[in-house]
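Notes for the one structure printed next.
The values are calculated or read from the model by the stated rules, or taken from the named source; none is laboratory data. The shown structure was predicted, so the numbers you read here are calculated from the model rather than taken from an experiment. Don't worry about glycine lacking a Cβ; one is built from the backbone with ideal geometry, like all the others, and counts go over all protein chains shown.
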């Protein structure tokens with residue numbers, strides 16, 4: 001696209017992108033500043049946009065949402081107390097399920113890019129894996145609810161981990177299959193000539209070389225598990241409840257206590273936001289490749 | 001099995017990945033792929049088959065075990081105005097989201113492709129929304145949409161436009177939900193479309209420029225025809241996800257006002273976990289599965305064609 005180098009065209013493009021960037025970031029900005037407002041600053045006839053100029057920011061909403069008892073002051077006790085425990089639940093479920101999905105997924109992806117399955121075509125196997133990503137979760141919610149109920153596994157963290165692995169496997173296989181397929185096979189050949197087994201060459205050669213790809217797949221799986229709502233809503237009650245479920249309940253019950261909503265919302269989006277800022281570039285590349293390739 | 005090191009040394013280098021080595025791989029071939037297969041059979045296929053059974057069963061609150069009722073759930077579904085309403089609403093939602101996201105996303109991708117500096121940086125920034133937790137994003141829009149204290153109505157008033165009811169309006173509620181989706185997922189189209197644009201061969205453009213083609217001609221006669229199949233694949237992928245919409249409905253409207261935003265997933269959820277009729281939930285869910293299978297089949301056909309073209 002060399003033809004668009006003219007100054008005017010460039011100016012228009014940057015202007016359009018600037019507008020889009022503002023649209024893209026404004027909701028996040030609004031959440032951040034709202035979480036810093038006092039109830040008084042929120043309950044004004046006109047909304048305020050600029051901290052320090054239009055209102056004095058405070059971190060009170062954040063100390064308030066983590067408060068476990070006796071916080072009934074102007075903010076009103078959030079009464080959810082256990083946010084820290086729920087944060088831990090979410091983290092454990094997301095981290096473990098992402099790790100397992102990446103390990104099992106990497107093995108399958110490696111197999112699909114290195115071996116030849118005589119009776120089935122590799123492409124068909126890969127398709128079978130990917131097609132599971134399409135399944136609407138609601139179709140699995142009822143059977144999960146009944147089957148895990150029979151096994152007495154409702155409201156247990158391992159249950160969430162198990163279903164999140166299933167949810168993320170198709171994706172990790174899809175991402176990593178491309179990764180292994182693009183990796184030069186000669187290094188492994190050489191290792192195997194030197195007497196390494198298939199397993200040795202996978203663990204000592206292919207996996208370390210695929211580390212960047214594994215990281216991206218892991219972060220993807222982590223974010224998807226962290227963001228998951230419907231399965232956690234139906235498969236947990238209290239003990240294994242994840243942060244989004246708890247917070248969705250709080251907010252629906254509590255009405256327009258915006259400082260509170262904003263602080264809780266930010267807490268939920270914190271890990272994905274950090275991942276987006278730190279590793280966004282790599283994730284974006286993975287996502288694009290997954291969609292186009 | 002004899003160790004194959006000897007054979008390998010003398011064997012010619014492999015032409016294609018993995019073709020030369022089947023004999024030597026033996027167990028590894030299955031050990032590597034079986035965990036994933038067994039896992040998805042147990043937690044994907046098996047529950048799915050079980051839910052087929054639920055379609056033909058009555059299982060409501062207080063019952064110890066499901067009771068077989070044949071086609072009753074399906075008959076009920078056929079005559080259920082609320083179901084058809086949820087189907088219409090879901091289709092409308094998917095259509096609005098996919099089309100708007102496609103157009104906006106492609107335009108932004110074109111702009112990104114065209115700029116000379118800051119492309120990588122902007123691409124990273126613009127991708128942020130799609131990683132954020134839908135539940136939290138819903139809170140954000142709950143605040144933005146607030147009739148009196150929300151900045152959106154404030155801005156509308158500032159430029160002399162009337163305030164909008166957003167989520168509370170019978171008409172506007174679904175569009176307001178779609179807007180959340182558009183905000184969060186247009187980035188996906190941007191990123192994917194940009195990857196498609198970058199994969200186009202540059203020599204065609206150079207040749208066309210030498211022949212005197214202007215930017216508009218390049219866009220309509222070269223870029224669009226070349227990326228069109230990618231765009232179809234990308235937007236279908238997005239549509240497949242939009243069909244599953246639940247989180248934003250749960251937080252922002254609860255299906256209301258009335259049933260104005262009751263999507264299929266949300267109706268299925270209400271039937272099962274509020275009215276506690278799990279058999280009927282499975283019936284609605286299966287209607288959704290069938291609908292999505294059709295779309296997914298189209299997607300895979302587009303995809304295969306792309307694959308062939310590349311080879």
Applying the selection to the stretch A:167-187, what residues are at the interface with chain B (Cβ under 10 Å from one of its Cβ atoms), touching a residue at least 12 places away in the same chain (Cβ under 8 Å) and part of a helix (DSSP H, G or I)? A:167, A:169, A:170, A:172, A:173, A:180, A:181
Starting from the stretch B:235-262, keep only residues that are surrounded by fewer than 18 Cβ atoms within 10 Å (Cβ to Cβ), then list their pairs with residues that are in a helix (DSSP H, G or I) whose Cβ atoms are within a distance under 7 Å, requiring at least 6 positions of separation or different chains. B:257/B:168; B:257/B:173; B:259/B:82; B:259/B:85
Tell me, please, whether a residue that is under 20 Å from the mean Cα position of the chain (by Cα) and more than 17 Å from residue A:164 (Cβ to Cβ) can be found in the stretch A:226-239. no
Going residue by residue through the stretch B:156-167, is there one that turns out to be within 11 Å of another protein chain (Cβ to nearest Cβ) and part of a helix (DSSP H, G or I)? yes
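Looking at the stretch A:188-200, which of its residues are farther than 15 Å from residue A:109 by Cα and part of a helix (DSSP H, G or I)?
To start, the set of residues in the stretch A:188-200 that are farther than 15 Å from residue A:109 by Cα comprises A:188-197, A:200.
Of everything in the stretch A:188-200, those that are farther than 15 Å from residue A:109 by Cα and part of a helix (DSSP H, G or I) turn out to be A:188, A:189, A:190, A:191, A:192, A:193, A:200.
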I'd like to verify a number: residues in the stretch A:8-27 that are more than 7 Å from chain B (Cβ to nearest Cβ) and either crowded, with 19+ Cβ neighbours inside 10 Å or under 28 Å from the mean Cα position of the chain (by Cα) (or both), how many? 6
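Which residues, counting only those in the stretch A:45-61, are out of contact with any strand residue (DSSP E or B) (no Cβ under 8 Å at 6 or more places or on another chain) and either closer than 21 Å to residue B:146 by Cβ or within 13 Å of chain B (Cβ to nearest Cβ) (or both)?
Correct list: A:45, A:46, A:47, A:49, A:50, A:51, A:54, A:55, A:58, A:60, A:61.
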Options A:237, A:219; residue that is at pLDDT 85 or above and in a helix (DSSP H, G or I): A:219
As an exercise: evaluate residue B:225 against (1) in contact with a helix residue (DSSP H, G or I) (Cβ under 7 Å, 6 or more places away or on another chain); (2) more than 14 Å from residue B:97 (Cα to Cα); (3) in a helix (DSSP H, G or I) and give the number of the one condition it does not meet. (1)
Flag for residue A:134 being farther than 18 Å from residue A:220 by Cβ and either out of contact with any strand residue (DSSP E or B) (no Cβ under 9 Å at 6 or more places or on another chain) or at pLDDT 90 or above (or both): no
Would you check if there is a residue in the stretch B:256-268 being at pLDDT 90 or above, in a loop (DSSP other than H, G, I, E, B) and at the interface with another protein chain (Cβ under 8 Å from one of its Cβ atoms)? no
Could we say that residue B:195 is within 27 Å of residue B:96 (Cα to Cα), in contact with a strand residue (DSSP E or B) (Cβ under 6 Å, 6 or more places away or on another chain) and free of Cβ contacts under 8 Å to residues at least 24 places away in the same chain here? no
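Conditions (1) in contact with a helix residue (DSSP H, G or I) (Cβ under 8 Å, 6 or more places away or on another chain); (2) under 30 Å from residue A:84 (Cα atoms), marked per residue:
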position	(1), (2)
A:176	yes, no
A:187	yes, no
A:193	yes, no
A:202	yes, no
A:228	yes, yes
A:231	yes, yes
A:238	no, yes
A:245	yes, yes
A:250	yes, yes
Those residues of the stretch B:135-155 which are over 14 Å from residue A:28 (Cβ atoms) and assigned to a helix (DSSP H, G or I) amount to B:135, B:142, B:152, B:153, B:154, B:155
With the condition being more than 12 Å from chain A (Cβ to nearest Cβ), I'd like the helices (runs of 4 or more DSSP H) fully within the stretch B:21-100 carrying at least 2 qualifying residues. B:72-78
